[in-house]
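Heads up, the thing below is written out as structure tokens.
The values are calculated or read from the model by the stated rules, or taken from the named source; none is laboratory data. Remember, it's a predicted structure, so these values are computed and weren't measured experimentally. Positions of Cβ are backbone-derived with ideal geometry, glycine not excepted, and every protein chain shown enters the neighbour counts.
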Amino acid sequence: MREKHPDAAVACYVNTSAKVKAECDVCFTSANALKIINALPQQEVLCLPDKLMATNLAAVTSKNILGWDGTCIVHERFSVETIKEVRKYFPDAKILVHTECNSDVVAEADVAGGTTDMVDAIKSSEAGSTFMIVTECGLADRMRVEFPDKNFVGTCHLCPYMKKNTLKNVLQSLKNPTENQIITLDEHVRLRAKKTLDVMFSLSSTPV
């Protein structure tokens, strides 16, 4: 991709591996993606790995966004039909959609963004407000605990990879890690990957 687009900046989502980050110029989160993209000096930006997020970013920036052909197995499953069904039975519900969803699903949203954007929308709402959270099930479960005075409706999709993490496994990894739980990075890769994080933090504090 760099050979095909030598003048493009390469920006990767924060959930990519260290080896992928080492080949990129900057990384971003779902919350700061637009700010990072707009702060880059290049007009052309290769955005990876999620092509749906790239499409949604392209709709709100003047930059030329080039997407990689990848998707999230959770977010690509949400449909406009599901949202319309929820609106039929809960017309006052606010629809909060993650930007890894298809663009037609994002177009149905009251709020589209990352996890932080959704949580902020819920925090700032009044007691008794109703929400449909279009993302991995874990966030809806968390919000039901943190905001018992608010209502959460609709379906969600589980991520089989995220659900491999448990509190028990985290505690065991911290107290007595096994050999396959210890991650050792090549120093050259580590330093190059760290640079993408450093650039992200720098651009995050830059007015756009």
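The table for this structure:
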{"read-out": "Selection status of Asn64, in contact with a Ser or Thr (Cβ under 6 Å, 6 or more places away or on another chain) and either surrounded by fewer than 16 Cβ atoms within 10 Å (Cβ to Cβ) or within 29 Å of His188 (Cβ to Cβ) (or both)", "value": "no"}
{"read-out": "Every residue from region 150-192 that is part of a helix (DSSP H, G or I), within 19 Å of the chain's Cα centre (by Cα) and surrounded by 11 or more Cβ atoms within 10 Å (Cβ to Cβ)", "value": "Met162, Lys163"}
{"read-out": "Val134 surrounded by 14 or more Cβ atoms within 10 Å (Cβ to Cβ) and β-branched (Val, Ile, Thr)", "value": "yes"}
{"read-out": "Residues being within 30 Å of Asp25 (Cβ to Cβ) and touching a residue at least 60 places away in the same chain (Cβ under 8 Å) - total across region 157-187", "value": "2"}
{"read-out": "Restricting region 150-208 to residues that are of a type in the set (A, V, I, L, M) and at pLDDT below 90, the residue that is farthest from Glu23 (Cα to Cα)", "value": "Leu158"}
{"read-out": "Met1 vs. criteria buried (at least 19 other Cβ atoms within 10 Å of the Cβ) and in contact (Cβ under 8 Å) with a residue 24 or more places away in the chain", "value": "no"}
